[in-house]
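**Student:** Below is one structure. I have some questions about it.
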Amino acid sequence: MWAGPRYAHHLFVHGQALAAELQRTRLAPAARISVLAHGWYDCRTQWAGAQDEEPHTVLFFGRIKAYKGLEYLVEAMPLVQAAVPDVHFLVVGGEGDMAPYRRLPGAQAAAVTWVNRFVEDAEAAAFFRRASLVVLPYTDGSASGVIAAAYAFARPVIATRVGSLPEAVVDGVTGLLIPPRDAAALAAAISGLLSDDPRRRALGAAGRQWAQQHLSWADIAHQTVAVYRQLAWKSAG
């Protein structure tokens with residue numbers, strides 16, 4: 001982990017797991033850490049337009065980095081297709097090369113749309129609207145704005161138990177949590193939700209409701225101001 005936190009007067013992180021990691025590695029004591037949620041992207045719904053969900057469509061969205069676990073999604077693709085023959089995968093992201101993943105055997109055995117470039121908000125909204133569900137097969141990481149975006153469009157999330165992702169995905173309520181680096185578990189979770197429309201839609205609706213209650217930008221702003229006021233009071237004292 002980056003050593004910069006040692007030199008910061010105060011730190012804001014997006015999860016209790018991240019705060020605990022900073023303390024465990026002795027990069028910062030608890031008194032210098034505040035936990036704030038990652039606000040949800042309800043602002044993106046203004047670009048939703050008339051685009052509707054496309055049946056059996058799985059979205060992977062974000063930067064193309066090794067820790068995002070895209071290789072495990074590609075490995076899971078033929079397993080999902082065996083259970084849901086008309087499944088369609090949307091792999092959307094920039095800041096990284098998709099070519100190595102496109103050459104993997106699993107990518108040749110399923111219907112995949114690859115979008116390897118930066119995507120503006122309006123187009124991003126269209127991708128989330130098209131999706132039946134959103135996957136985050138991360139092998140490592142901290143928190144994710146992708147979850148916040150999925151909830152804005154009432155899409156359930158399948159994510160791995162890494163970093164603070166489990167703090168943003170209520171297992172069995174707003175989505176599903178699976179082990180990292182487990183293509184079979186990922187495939188089973190995707191196939192299960194794609195094959196159960198009522199459950200998938202209920203999870204998506206619950207995700208949006210949960211985000212309204214826990215990821216409000218107004219609440220985050222109030223919490224941030226409160227921390228700054230406390231720090232200013234300590235500095236003045």
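The values are calculated or read from the model by the stated rules, or taken from the named source; none is laboratory data. Note that the coordinates shown come from a computational prediction; the quantities given were computed from them, not determined experimentally. As a convention, Cβ positions derive from the backbone with ideal geometry for all residues, glycine included, and neighbour counts pool all protein chains shown. For accessibility, only protein heavy atoms count, side chains too; no ligands or nucleic acids. Shrake-Rupley method; radii C 1.70, N 1.55, O 1.52, S 1.80 Å.
**Student:** Every residue in the stretch 22-62 that is of a type in the set (Asp, Glu), surrounded by 17 or more Cβ atoms within 10 Å (Cβ to Cβ) and either assigned to a loop (DSSP other than H, G, I, E, B) or at pLDDT 75 or above (or both), please.
**Tutor:** Filtering the stretch 22-62 for residues of a type in the set (Asp, Glu) gives 42, 52-54.
Now narrow it down to the ones that are surrounded by 17 or more Cβ atoms within 10 Å (Cβ to Cβ): 42, 53.
Selection gives Glu53 alone.
**Student:** Is one or more of the residues making up the stretch 205-224 in contact with a Pro (Cβ under 7 Å, 6 or more places away or on another chain), at pLDDT 85 or above and of a type in the set (Lys, Arg)?
**Tutor:** Pass one, the stretch 205-224, residues in contact with a Pro (Cβ under 7 Å, 6 or more places away or on another chain): 207.
If we keep only those that are at pLDDT 85 or above too, we end up with 207.
Then drop every residue that is not of a type in the set (Lys, Arg), which leaves none.
No, there is no match, as no residue in the stretch 205-224 is in contact with a Pro (Cβ under 7 Å, 6 or more places away or on another chain), at pLDDT 85 or above and of a type in the set (Lys, Arg).
**Student:** Are any residues in the stretch 184-206 under 19 Å from Pro78 (Cα atoms) and part of a helix (DSSP H, G or I), and if so, which ones?
**Tutor:** The answer is Ala184, Ala185, Leu186, Ala187, Ala188, Ala189, Ile190, Ser191, Gly192, Leu193, Leu194.
**Student:** Quick one: Leu176 ticks every box in (1) touching a residue at least 40 places away in the same chain (Cβ under 8 Å); (2) touching a strand residue (DSSP E or B) at 6+ places or on another chain (Cβ under 8 Å); (3) among the hydrophobic types (A, V, I, L, M, F, W, C) bar one, so which box is it?
**Tutor:** Condition not satisfied by Leu176: (1).
**Student:** I would also like to ask the following. Please go through (1) surrounded by fewer than 16 Cβ atoms within 10 Å (Cβ to Cβ); (2) in contact with a Phe, Trp or Tyr (Cβ under 9 Å, 6 or more places away or on another chain); (3) part of a helix (DSSP H, G or I) for Ala226 and return the number of the only condition it doesn't satisfy.
**Tutor:** (2)
**Student:** Got at least one residue in the stretch 194-204 being over 22 Å from Ala83 (Cβ atoms) and open to solvent by less than 60 Å² (accessible area, probe 1.4 Å)? Walk me through how you get there before you give the answer.
**Tutor:** Initial filter on the stretch 194-204 (over 22 Å from Ala83 (Cβ atoms)): none.
No - not one qualifying residue is present in the stretch 194-204.
**Student:** So, Gly15, is that one in contact with a strand residue (DSSP E or B) (Cβ under 8 Å, 6 or more places away or on another chain), at pLDDT 75 or above, under 24 Å from Ile147 (Cβ atoms) and of a type in the set (Gly, Ala, Ser) or not?
**Tutor:** No.
**Student:** Select from the stretch 70-102 the residues that are touching a Lys or Arg at 6+ places or on another chain (Cβ under 7 Å) and under 21 Å from Val162 (Cβ atoms) and write down the one among them that is most open to solvent (accessible area, probe 1.4 Å).
**Tutor:** Glu95
**Student:** How many residues are over 18 Å from Leu165 (Cβ atoms) and of a type in the set (Ser, Thr, Tyr) when one looks only at the stretch 54-69?
**Tutor:** 1
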